[in-house]
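One structure below.
FYI, it's all coordinate maths here, none of it is from the lab. These figures come from a predicted structure and were not determined experimentally. All Cβ positions, glycine included, derive from the backbone under ideal geometry; neighbour counts span all protein chains shown.
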Amino acid sequence: MKKRILFFACAFILMTVFLLGCGESGTPPVLTVDGKDITVGESTPFSLPEGFEFTFAGNYLPIGTMPGNSWMSDLLSAKKDGETYAYVYVYNPSKEDVTYLGATIYKASFTMNSEDASYWAVNNILVNGINFYGMNIEEVKAAMQEYKAPSESTYGDRTTLLYKDGSYYYTIRFGENGLVDEVQVEKTIAKSYSEIS
């Protein structure tokens, strides 16, 4: 009888650990860019609509390939019609080499209401169907209420909200005017991947 109880207790513990582990993965964020959905952790820069151009910081073209199991610390600037839509960061979770534009997006950030507003496409990206353009902190909290309460930090007149959903993070920064200034979504990637730059 004791062995049976011990067996069921162990089975219950393992099931609990399994379910908690599964819940830790979270739901991949979906960015809608010019009407096309891009899933962080799944889509590639090639997934963006036609007409986008990509350059690495320093304005050089993403020519060549990424080795397997690697991640790129340098950002790719995604531009269209002279406007910067977002910065994207890529990694290669496969064992085979892939082109930079065929690698997987693990992080994307975009700016709005910035000092260089004319340089940015200010309201053309949705995050899980939410357009953060023009939102204040209370409006963001209401729009993100399905997520666990964020950690909140303030530096000077600028506030940052950080939401965590399993292995995905949403960082939302506010400008001095109290409106959303920058949004960043990111998938945590394995530390075993090699960094390239």
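How would you rank Phe52, Phe132, going from fewest to most other Cβ atoms within 10 Å of each one's own Cβ?
If I rank by nearby Cβ atoms, fewest first, I get Phe52, Phe132.
With the cut-off at 1.5 for a/c, could you classify region 127-194 from its C-alpha gyration tensor as rounded, prolate or oblate?
Prolate, since a/c reaches 1.5 and a/b exceeds b/c.
Spelling out what I want: for every residue of region 33-42, take phi, set θ = phi - 60°, compute 6.51 cos²θ - 1.76 cosθ + 1.60 (Karplus), and round to whole Hz; glycine and proline get x.
Coupling constants for region 33-42: 10, 6, x, 10, 7, 10, 9, 5, x, 9 Hz.
What is the sum of charges, Lys and Arg at +1 and Asp and Glu at -1, for the other residues whose Cβ falls under 14 Å from the Cβ of Ala78?
Neighbour charge sum, excluding Ala78 itself: -2.
Karplus couplings for region 75-85 from phi (6.51 cos²θ - 1.76 cosθ + 1.60, θ = phi - 60°), rounded to Hz, Gly and Pro as x?
Per residue, the Karplus-derived 3J(HN,Hα) values read 8, 9, 8, 9, 10, 8, 6, x, 10, 8, 8 Hz.
Quickly work out the Ile130-to-Thr154 label distance, labels modelled 7 Å from Cα along the C-beta direction, and quote it in nm with one decimal.
Calculated label separation equals 2.0 nm.
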